[in-house]
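Have a look at the structure below, then the notes.
The values are calculated or read from the model by the stated rules, or taken from the named source; none is laboratory data. Since the model is a prediction, treat every value here as computed from it, not as a measurement. Virtual Cβ from ideal backbone geometry, glycine too; neighbours counted across all protein chains shown. Accessible surface areas use protein heavy atoms only, side chains included; no ligands, DNA or RNA. Shrake-Rupley method; radii C 1.70, N 1.55, O 1.52, S 1.80 Å.
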Amino acid sequence: SAVISQKPSRDICQRGTSLTIQCQVDSQVTMMFWYRQQPGQSLTLIATANQGSEATYESGFVIDKFPISRPNLTFSTLTVSNMSPEDSSIYLCSAIMTGEGYTQYFGPGTRLTVL
Amino acid sequence: GENVEQHPSTLSVQEGDSAVIKCTYSDSASNYFPWYKQELGKRPQLIIDIRSNVGEKKDQRIAVTLNKTAKHFSLHITETQPEDSAVYFCAARDAWELSFGAGTTVTVRA
């Protein structure tokens, strides 16, 4: 199976600042996604990261708040901008792998705490 | 969009007994149904999946069944062990986006 890495694994940030999370996949990727998981909750899709073009955002998520880049097939970043305590959550990168029946895997997540 | 409902939200079973989690979905175009296991503080791990052209799939103690007509699918864990304790999520995919159920917290009592 694919290896998906994320960094940082966790961070504590001050209100009003921004944090960029990086995601790297070690093999051929078809699609990349960013999810948010609140404590004790299910996974909510933030956006699909499109290579070389603007990400596709789900309802309730906007580019100004969560800018996403995907400069190549296997790397993506998510920025959480102008953070507030409500942004405290786990952010997970996910990828659909080419050649594995389009199975979807998840990164280890980034645990963000905003003070 | 797709709506996935998952039941029960919590499940406590005696070690060695079976556990069953059920999910329903709304979009008849969904064709891929994975199940993920998430232990505390860990990433969701794919444990089994099924595609719409298959009615049942088994992998050791884990099996998944799919009824496309009724739009529901189920996870069956037999001979449960303490290490099966975790949160389990079902999901359904139409095109590229996965929609997740709310999750089931499974506790296996020794």
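Structure data summary
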{"read-out": "Residue-normalised accessible area of chain A, given per residue in Å² at a 1.4 Å probe", "value": "45 Å²"}
{"read-out": "Partners for B:LYS68 among aspartates and glutamates (Cα-Cα distance below 13 Å; same-chain residues under 8 apart left out)", "value": "B:ASP27, B:GLU56"}
{"read-out": "Cβ-Cβ FRET estimate between B:HIS7 and B:ALA95, R0 fixed at 25 Å, reported to 0.05", "value": "0.45"}
{"read-out": "Residues along the range B:81-106 losing 40 Å² or more of accessible surface when the other protein chains are present rather than the chain by itself (probe 1.4 Å)", "value": "B:ARG93, B:TRP96, B:GLU97, B:LEU98, B:PHE100"}
{"read-out": "Fraction of accessible area attributable to carbon and sulfur, chain B (%, probe 1.4 Å)", "value": "46 percent"}
{"read-out": "Rg/Rh for the range B:21-110, where both radii come from Cα atoms and Rh is the Kirkwood radius", "value": "0.96"}
{"read-out": "Shielding by other protein chains, B:31-42, mean Cβ within 10 Å", "value": "2"}
{"read-out": "Cβ-derived FRET efficiency at R0 41 Å, A:LEU73 paired with A:GLN14, nearest 0.05", "value": "0.75"}
{"read-out": "Neighbour net charge for A:ILE21 - beta-carbon separation under 10 angstrom, K R +1, D E -1", "value": "0"}
{"read-out": "Where the Cα pairs of chain A fall when distances are cut into 5 Å bins, in %", "value": "2, 13, 24, 25, 20, 10, 4, 1, 0"}
{"read-out": "Largest-first principal axis extents, alpha carbons of the range B:7-59, Å", "value": "35, 25, 23"}
{"read-out": "Per DSSP, loop GluC sites (Glu not before Pro) in the range B:46-110 with at most 14 further Cβ within 10 Å", "value": "B:GLU79"}
{"read-out": "Contact order normalised by residue count of chain A, Cα under 8 Å, 6+ apart, percent", "value": "36 percent"}
{"read-out": "Accessible area buried at the A-B interface, both sides summed, 1.4 Å probe (Å², nearest 100)", "value": "1500 Å²"}
{"read-out": "Theoretical FRET efficiency, 1/(1+(r/R0)^6), r = Cβ-Cβ of A:LEU115 and B:GLN81, R0 45 Å, to 0.05", "value": "0.65"}
{"read-out": "Accessible area expressed per residue, chain B, with surrounding protein chains retained (probe 1.4 Å, Å²)", "value": "50 Å²"}
{"read-out": "The range B:66-86 and the range A:1-40: distance between their alpha carbon centers, rounded to Å", "value": "28 Å"}
